[in-house]
Amino acid sequence: MVFEALTEPDRDLSRPWLVLIDDEQRPRTLRAERPGLVVWSSIWPRQPDAVVRFDLPSDGAGGTALRWTLLLPELPEPSLLGHLRKRLNQLINANLRYTFGQ
C-alpha cells in the first residue's frame, strides 16, 4: 500500500497526504520497481535537479519500513537544505504516515 501511495498520491481522496505549499510542485515518478523502490522528481521548482528516493523494504512483520533520501547535485545553503528536509519530513514522516493510522 505504501508503494501505491507514493506512485499514485491522489489515489485515495479520503486520505490526502501530498499537500504542497506555494513553492512546491507535484512530483513525477521517475522510477518505480514494485515493491521496494520509488524515485520522484523534485517537488521544488527552484531545485529542479533534486531527486527523492524511497526505499521500501519489508519490516519483517507484513509492513513496510520506508526510508527516503533527498539527492541533490550540490548542497544548497544550510537554511534551504533545512527547509527541503523539513518539508519531506512533514510530507512523508507525518502526513503519509498518519494516513496509515500511525
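The values are calculated or read from the model by the stated rules, or taken from the named source; none is laboratory data. Please read these numbers as outputs of a predicted model, since none were measured by experiment. Virtual Cβ from ideal backbone geometry, glycine too; neighbours counted across all protein chains shown. These area figures cover heavy atoms from the full protein model, side chains too; ligands, DNA and RNA do not enter into them. Shrake-Rupley method; radii C 1.70, N 1.55, O 1.52, S 1.80 Å.
Scoring W44 on the criteria (1) among the aromatic types (F, W, Y); (2) part of a loop (DSSP other than H, G, I, E, B); (3) in contact with a Ser or Thr (Cβ under 7 Å, 6 or more places away or on another chain) leaves a single failure, condition (3). Determine which single condition A5 fails, assuming it passes every other condition in (1) surrounded by 13 or more Cβ atoms within 10 Å (Cβ to Cβ); (2) in a loop (DSSP other than H, G, I, E, B); (3) of a type in the set (G, A, S). If we test A5 against (1) surrounded by 13 or more Cβ atoms within 10 Å (Cβ to Cβ); (2) in a loop (DSSP other than H, G, I, E, B); (3) of a type in the set (G, A, S), just (2) comes out false.
Within the group L75, L80, L84, which residue is of a type in the set (A, V, I, L, M, F, W, C), out of contact with any Leu (no Cβ under 8 Å at 6 or more places or on another chain) and more than 19 Å from R15 (Cβ to Cβ)?
Values: L75 fails: out of contact with any Leu (no Cβ under 8 Å at 6 or more places or on another chain); L84 fails: out of contact with any Leu (no Cβ under 8 Å at 6 or more places or on another chain).
Checking each option against the conditions leaves just L80.
Being open to solvent by 40 Å² or more (accessible area, probe 1.4 Å) and at pLDDT 95 or above is the filter; apply it to the stretch 35-53 and report the residue that is nearest to A5 (Cα to Cα). Among them, the one singled out is R53.
Yes or no, residue by residue, for (1) part of a helix (DSSP H, G or I); (2) of a type in the set (A, V, I, L, M); (3) open to solvent by 90 Å² or more (accessible area, probe 1.4 Å); (4) in contact (Cβ under 8 Å) with a residue 60 or more places away in the chain:
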position: I21; (1), (2), (3), (4): no, yes, no, yes
position: P27; (1), (2), (3), (4): no, no, no, no
position: P73; (1), (2), (3), (4): no, no, yes, no
position: H83; (1), (2), (3), (4): yes, no, no, no
